[in-house]
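The values are calculated or read from the model by the stated rules, or taken from the named source; none is laboratory data. Quick caveat, the model's predicted, so the values are computed rather than measured. Quick reminder, even Gly has a Cβ in these numbers, built from the backbone with ideal geometry, and neighbours come from all protein chains shown. Note: accessible area is taken over every heavy atom of the protein model, side chains too, but ligands, DNA and RNA are not part of it. Shrake-Rupley method; radii C 1.70, N 1.55, O 1.52, S 1.80 Å.
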Amino acid sequence: MAVFGYDESCQERWTISDDEASRRFPRQPERLSFGHLARLANGVLNAESRRLTARWTSAELAGIDVVVLPDPALPHPIDRAGIDALVNFVRNGGGLFLIVSHRNSGPESAASVIAAAFGVRVTGDEVVSSRHGHDHLLSAVTTCAGIQARGPASGVRHIVCHGGVSLECAREPLTAITAPAGHMVFAAVSHGLGRVAVIGSGELFSIPYVGQADNALLYIGTLAWLAGEDPREDESERRRETIRELLGENHYSPRLPPRGMGAGDEKAIPTIDVSAAKRKLLRLYRRGLSPYADIGGFLRHAESSYHELPTDIRHAIADFRNNSNDSGALLVTGLPSDPALPPTPGDPAAAPFRDTYFSEFWLTVVSCGLGDQVGYMQEGGGTFFRNVLPTSENATLLSSESSAAPLDFHTEIAFHPAMPDYLLLYCLRPAPRNDARTLVAGARNMIALVPLGFRPVLFRRAFRTGVDYSFGSQNGQAGNGPLTSVLYGDPFDPLLCLDPDLMVGEDEEASAALAAIKATMASCAAEVSLGTSDLLVIDNRRAVHGRSRFTACYDGQDRWLQRSYAVRDINRYSEELVGDGRVFGTAFAV
């Protein structure tokens, strides 16, 4: 069997959306990717997947078994001759699979015009259901169960739709799938000697939904049926197992980490060099204003100073806040630094006297462009600035105070209901031997390498993370914290909460998925050896971070960073706040 897609780039990217929102706020390429469908057909049906590179004609369609049309923006205009050629192709025994996007389903759309030629009308009515039992909210996810499992849907028990539009048929379809509200989302009809299938939820076959329920089985069964096969139940079970194996072994994504990304490649982290504006930046700092003597005045001055930053710096910070990036981090270099720095303290809680407090100032100024700077009562009594430095007693522990042991990849404070959105690290003094490497692995790059079958599992609330020692967990026990999912938010560009050392899966499937995403971290990691006055911003919901081993001498010249946290909107967590309204006082029962 040969399966053909019309879009000339369908092997890499079968586009299903070209709406205004997608153009103004472009998604990552994987959102628009259907390239995995060709590889899935190859693996299950031994199909030869090719591409139509020109407007279809009777001559071009000769010898083809099935044409797969992911909903256009087609690269060529739809004309009467093209539709007639397609109708003749089906009438003479060919198969057509039209995959409709609910974002492009008006009566004049290519999908509607083509479907109408075979007696199927795309109504444009969106298939939705109430969200979490709240009738006034709508969800784009619908589960279709109780499917009439015959023909193309042989063996299919239920599917999960993301979005979708309703279909109507001029005559009774051979196979139909309806959503709970009665909307038809899939229709299979005969036409002359051939067969046609139309599905009103194109994203049902997109990542990660193709890995859920029986979505992939419906796709494969439909291709086989369109090619003239009438699937048997035992054949469907065999295919179900093959699909499960393929989804577990392959990520089916054209999206890979940026070229050259890997160990020693610091360019993977986007960098802003502000040294050219250093004179102006120096004027913003108010000498004599201490964050430890007058935190209120210090914060107010830093907040007003943010709005006086050069425009290009503010734009870069705002763009990172709004869109993040593939690495999940932003490096700011060339900031003014303290002219006279005391020895590195031996205690992270120490606040040695300094004539200037540039580190605290720049941490606060940049935080203002990201959201609200916050503290946690269990760490330093809620201070906004925490020293990160090596201590001899914790040299080998899983701690920010270690040096002889690496600090493994993790989401910062992953167990907390008010997890910080951003982690900021300012370098006062680099490691003397320049051997301390901060590692960052971006969620977008990691997820692209996770086998497709594990992605729906990672969205389940099937993982339990542990509470850190500093927040009351005496033994730093794994799995003694809240139940959560590893991935959440937009299924096509998800957010991440991952702490492999303290996180466990609730079942065997979850444990395997956790191991799968953990295995991607090192290969996606970018690294940087922070130098004096470097400020690294990590998007805590878009990246995990860690640190390499390094040499500590405990002689006052060791590596010295300061750490600060920010949330995008502090009002979301008002019930967790204490004191002046910027400190979280959440208590944990561990």
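Look at region 359-416 and say how many of its residues are outside any loop (DSSP other than H, G, I, E, B), of a type outside the set (Gly, Ala, Ser) and over 28 Å from the mean Cα position of the chain (by Cα).
Adding up the residues that qualify gives 8.
Regarding region 331-350, can at least one residue be identified that is small (Gly, Ala, Ser) and either open to solvent by less than 10 Å² (accessible area, probe 1.4 Å) or closer than 21 Å to Tyr573 by Cα (or both)?
Looking through region 331-350, none of the residues is small (Gly, Ala, Ser) and either open to solvent by less than 10 Å² (accessible area, probe 1.4 Å) or closer than 21 Å to Tyr573 by Cα (or both).
Please list, ordered by residue number, the strands (runs of 3 or more DSSP E) wholly in region 436-519 having 3 or more residues that are under 28 Å from Asn250 (Cβ atoms) and in contact (Cβ under 8 Å) with a residue 40 or more places away in the chain.
438-442, 503-505
If I filter region 204-216 down to residues being in a helix (DSSP H, G or I) and open to solvent by 10 Å² or more (accessible area, probe 1.4 Å), which single residue comes out as farthest from Ala179 (Cα to Cα)?
Gly211
What pairs can you find where one residue is in region 182-208 and over 11 Å from Ile99 (Cα atoms) and in contact (Cβ under 8 Å) with a residue 12 or more places away in the chain, the other is among the basic types (Lys, Arg) and open to solvent by less than 10 Å² (accessible area, probe 1.4 Å), and their Cβ atoms are less than 6 Å apart, with a gap of 6+ or different chains?
What qualifies is Pro208/Arg455.
Could we say that Ala73 is in contact with a Ser or Thr (Cβ under 7 Å, 6 or more places away or on another chain), of a type in the set (A, V, I, L, M), in a helix (DSSP H, G or I) and at pLDDT below 80 here?
no
Between a first residue in region 529-541 that is outside any loop (DSSP other than H, G, I, E, B) and a second residue that is surrounded by fewer than 22 Cβ atoms within 10 Å (Cβ to Cβ) and at pLDDT below 95, which pairs have beta carbons less than 6 Å apart while being 6 or more apart in sequence or on different chains?
Once the first residue is outside any loop (DSSP other than H, G, I, E, B) and sits in region 529-541, its partners that are surrounded by fewer than 22 Cβ atoms within 10 Å (Cβ to Cβ) and at pLDDT below 95 give Asp539/Ser324.
Out of Thr465, Thr411, Thr383, which single residue is under 22 Å from Ser324 (Cα atoms) and polar (S, T, N, Q)?
After applying the criteria, what remains is Thr411.
Quick one: which of Gly546, Gly466 is crowded, with 16+ Cβ neighbours inside 10 Å and in contact with a helix residue (DSSP H, G or I) (Cβ under 9 Å, 6 or more places away or on another chain)?
Answer to the check: Gly546.
Is there a residue in region 119-127 that is assigned to a loop (DSSP other than H, G, I, E, B), modelled with pLDDT of 75 or more and surrounded by fewer than 23 Cβ atoms within 10 Å (Cβ to Cβ)?
Yes, because at least one residue in region 119-127 is assigned to a loop (DSSP other than H, G, I, E, B), modelled with pLDDT of 75 or more and surrounded by fewer than 23 Cβ atoms within 10 Å (Cβ to Cβ).
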